[in-house]
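Working notes for the structure below.
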């Protein structure tokens, strides 16, 4: 089966700091794959490369058979309509209401009437368990609610792929479980392909069909949760058991 997304021999450095050194990864349609690895290993950078926010120094990235690295702005915009993103910090606009935040990508990419926008926003908020909060502002929301509003915005355009960048960071155990359930629900009900970036192994084990371990600029393991748990590979064991060293996090502006 042809993958929906493929990274082929991708290299990327920031100045003298090499981040990716021959990244190879295939992602199948409809699966949830979680990219794990130490802080600064390039997990979030990988998502930005797929979005076309960053360009690799060499190598290719394919989305539905089309090379993202050679796309012009028009094709990138068309592709991004099919990719929903839940950013690490939720990235809500403080000056906009919840309704306006969720409607933002719809206004950017489509020509819906105000009535249709209201209908879609209400529907997406209901999906994430937050009905009737359209008139609230981000400052009125808890951290868990902000994440869910961010997810409502990510699914507003009915994407084929959802990218989750550290979706449970900063959340208490109850909200962490709520987000994990929503990730599973999105895959089951919306039939989306999901790419999760996280250092939270408990969440990774719950939501993933497969795990991909990124270390020293390459994917050093890809397999199911059971394969990861039973792996005798020292690198995999060290990461799962929390012994892997991390590198200094890269200071890269979050794509918004």
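Per-residue answers, yes or no, for (1) at pLDDT 95 or above; (2) closer than 27 Å to residue 39 by Cβ:
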position: 81; (1), (2): no, no
position: 89; (1), (2): no, yes
position: 116; (1), (2): yes, no
position: 165; (1), (2): no, yes
position: 168; (1), (2): no, yes
position: 175; (1), (2): no, yes
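Selection of the stretch 100-126 for residues being in contact (Cβ under 8 Å) with a residue 12 or more places away in the chain and surrounded by fewer than 18 Cβ atoms within 10 Å (Cβ to Cβ) yields 104, 109, 110, 118, 122.
Scanning the stretch 172-183 finds one or more residues that are within 22 Å of residue 3 (Cα to Cα) and crowded, with 16+ Cβ neighbours inside 10 Å. Of the residues 191, 215, the single one that is surrounded by fewer than 23 Cβ atoms within 10 Å (Cβ to Cβ), over 29 Å from residue 134 (Cβ atoms) and more than 15 Å from the chain's Cα centre (by Cα) is 215. The set of residues from the stretch 9-50 being touching a residue at least 24 places away in the same chain (Cβ under 8 Å), surrounded by fewer than 18 Cβ atoms within 10 Å (Cβ to Cβ) and either farther than 23 Å from residue 224 by Cβ or in contact with a helix residue (DSSP H, G or I) (Cβ under 6 Å, 6 or more places away or on another chain) (or both) comprises 9, 11, 13, 14, 17, 18, 21, 22, 39, 40.
Of all residues in the stretch 71-102, exactly one satisfies the criterion of being more than 24 Å from residue 180 (Cα to Cα) and in contact with a strand residue (DSSP E or B) (Cβ under 7 Å, 6 or more places away or on another chain), namely 79.
If a residue has to be buried (at least 20 other Cβ atoms within 10 Å of the Cβ) and part of a loop (DSSP other than H, G, I, E, B) to count, how many in the stretch 146-159 make the cut? Walk me through it before giving the result.
As a first pass, look at the stretch 146-159 and keep what is buried (at least 20 other Cβ atoms within 10 Å of the Cβ): 146-156, 159.
Retained after the next criterion (residues that are part of a loop (DSSP other than H, G, I, E, B)): 155-156, 159.
Final tally of qualifying residues: 3.
Here is the figure for the stretch 61-76: residues that are closer than 15 Å to residue 160 by Cβ and touching a helix residue (DSSP H, G or I) at 6+ places or on another chain (Cβ under 9 Å) total 5.
The values are calculated or read from the model by the stated rules, or taken from the named source; none is laboratory data. Every value quoted in this text rests on a predicted model; they were computed, and no experiment measured them. We place every Cβ from the backbone using ideal geometry, glycine too, and count neighbours over all the protein chains shown.
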